[in-house]
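These notes concern the structure reproduced below.
The values are calculated or read from the model by the stated rules, or taken from the named source; none is laboratory data. Note that the coordinates shown come from a computational prediction; the quantities given were computed from them, not determined experimentally. A quick note on method: Cβ atoms are made from the backbone with ideal geometry, for glycine too, and the neighbour counts reach across all protein chains shown.
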Amino acid sequence: MSEPKRITTRQAKRQINTFGLPLIIYIIIFSLLQYASDLIYERFPEIFFGADPEIVILAATSVMTILMVIIFSVQAASVLRLRMSDYLKSPRLSFGKYIALSAIGIGIMMLTTAVSSLFYFFFHTNSHVYTFLGNFNSVLNIIRNVLFFLQFVIIKPICDEYIFRGIIQRQLGHYGRYFGVLASALLYALSQQNLIDAVPAFFLGWYLSLITLRYHSIKPNFTVHIAVNLFVWLFNAVPGKFLFVLIILLGLCYLISAVSILGHQVSTNIIRYGATEGKLWKILLTSSTIIFVIILFIINVILSFI
């Protein structure tokens, strides 16, 4: 076994800034898509060439999400010499294990979303609302729903796993495996546009990072993250009269989660030595690009209150 390579604080910050730069671009692009799209349509509607603005924004979001994976691959993975093929191997997991992992992910997402929604009672928090969800009464609305489904349920989970667990967690894990788990979850939360999304993102990101660490692959995460987003999509798209079915399914998810954890079918190791090491956090949080990421998150949170 080769000796671990020692690097200086300056070298570590340079490596962090390598993926920090495209992360800044990632946050800025999606912030603009959320906050500037309506303003652009009001003042410069000709930019949309008569097309439906929601369809244009959804299509643009999907394209930009995929483009960010390419940017991260070129700017970060190649510069940091991360072989992504190593993290795209398929671990041999049973169908039941995928069900258990997905059930826990859904439970974490729904529980933390319910808690974070309490912000609505204390602050007037703005978030983008898609009024067409679940409305299939016209061809236009069908197209909107299909585009949203592709973006939210398929494209975003896969791209997020590639960026945050495949590149960011893997690089930070070189400094400490469990530090990489917690730090990548924090950066995943900071990439969100408001506190209501950031809280569930942190805990879901933490859980997905643990799966990545356990199986040394992001492939299981694709299934789990897609399952989580599919469940969230169903809650938004299914007519109210069928909501009881989803509530029953959610209860079943909690039951499967409890049985899986108590039966040790899924590891419950959450944090270990190195995850809270002060020196590593100091290096991360004083890196110039990460400071900028924190500033962008604060700006997004402020904008969400306006």
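A few points about this structure:
- Among the residues of segment 38-58, at least one is among the aliphatic types (A, V, I, L, M), part of a loop (DSSP other than H, G, I, E, B) and closer than 21 Å to L150 by Cβ.
- Pick from segment 75-98, criterion under 20 Å from the mean Cα position of the chain (by Cα) and not polar (S, T, N, Q), ranking: modelled with the highest pLDDT: Y98
- Which numbered condition A51 fails, given (1) within 23 Å of L285 (Cβ to Cβ); (2) out of contact with any helix residue (DSSP H, G or I) (no Cβ under 6 Å at 6 or more places or on another chain): (1)
- Here R81, R92 are screened, and the one residue that is closer than 23 Å to I25 by Cβ and basic (K, R) is R81.
- One residue stands out among those in segment 206-222 that are of a type in the set (A, V, I, L, M, F, W, C) and in a helix (DSSP H, G or I): the one that is farthest from the chain's Cα centre (by Cα), which is L213.
- All conditions but one from (1) closer than 23 Å to A12 by Cα; (2) among the charged types (D, E, K, R); (3) surrounded by fewer than 22 Cβ atoms within 10 Å (Cβ to Cβ) apply to R165; the one that does not is (3).
- Residue selected from segment 9-30 under the condition over 18 Å from R81 (Cβ atoms) and hydroxyl-bearing (S, T, Y), by the criterion surrounded by the fewest Cβ atoms within 10 Å (Cβ to Cβ): T9
- Any hit, segment 234-257, residues being β-branched (V, I, T) and under 22 Å from the mean Cα position of the chain (by Cα): no
- Tally, over segment 190-205, of residues that are assigned to a helix (DSSP H, G or I) and either closer than 20 Å to I167 by Cα or among the small types (G, A, S) (or both): 7
- Hits in segment 131-157 (condition: more than 21 Å from G50 (Cβ to Cβ), touching a residue at least 12 places away in the same chain (Cβ under 8 Å) and in a loop (DSSP other than H, G, I, E, B)): L133, G134
- Condition check for I108: assigned to a helix (DSSP H, G or I), touching a residue at least 24 places away in the same chain (Cβ under 8 Å) and within 27 Å of E277 (Cβ to Cβ): yes
- Subset of segment 157-183 (residues that are more than 17 Å from L88 (Cβ to Cβ) and either at pLDDT 95 or above or not basic (K, R) (or both)): L172, H174, Y175, G176, Y178, F179, G180, V181, L182, A183
- Complete set of residues in segment 230-248 that are at pLDDT 90 or above, over 21 Å from S90 (Cβ atoms) and surrounded by 14 or more Cβ atoms within 10 Å (Cβ to Cβ): F231, V232, W233, L234
- Against the test of being aliphatic (A, V, I, L, M), part of a helix (DSSP H, G or I) and in contact (Cβ under 8 Å) with a residue 40 or more places away in the chain, the options I29, I16 yield a single qualifying residue, I16.
- Selection of segment 100-128 for residues being surrounded by fewer than 16 Cβ atoms within 10 Å (Cβ to Cβ) and at pLDDT 90 or above yields only L111.
- Once segment 70-98 is narrowed to residues that are touching a residue at least 40 places away in the same chain (Cβ under 8 Å) and of a type in the set (V, I, T), the residue that is nearest to C253 (Cα to Cα) is I71.
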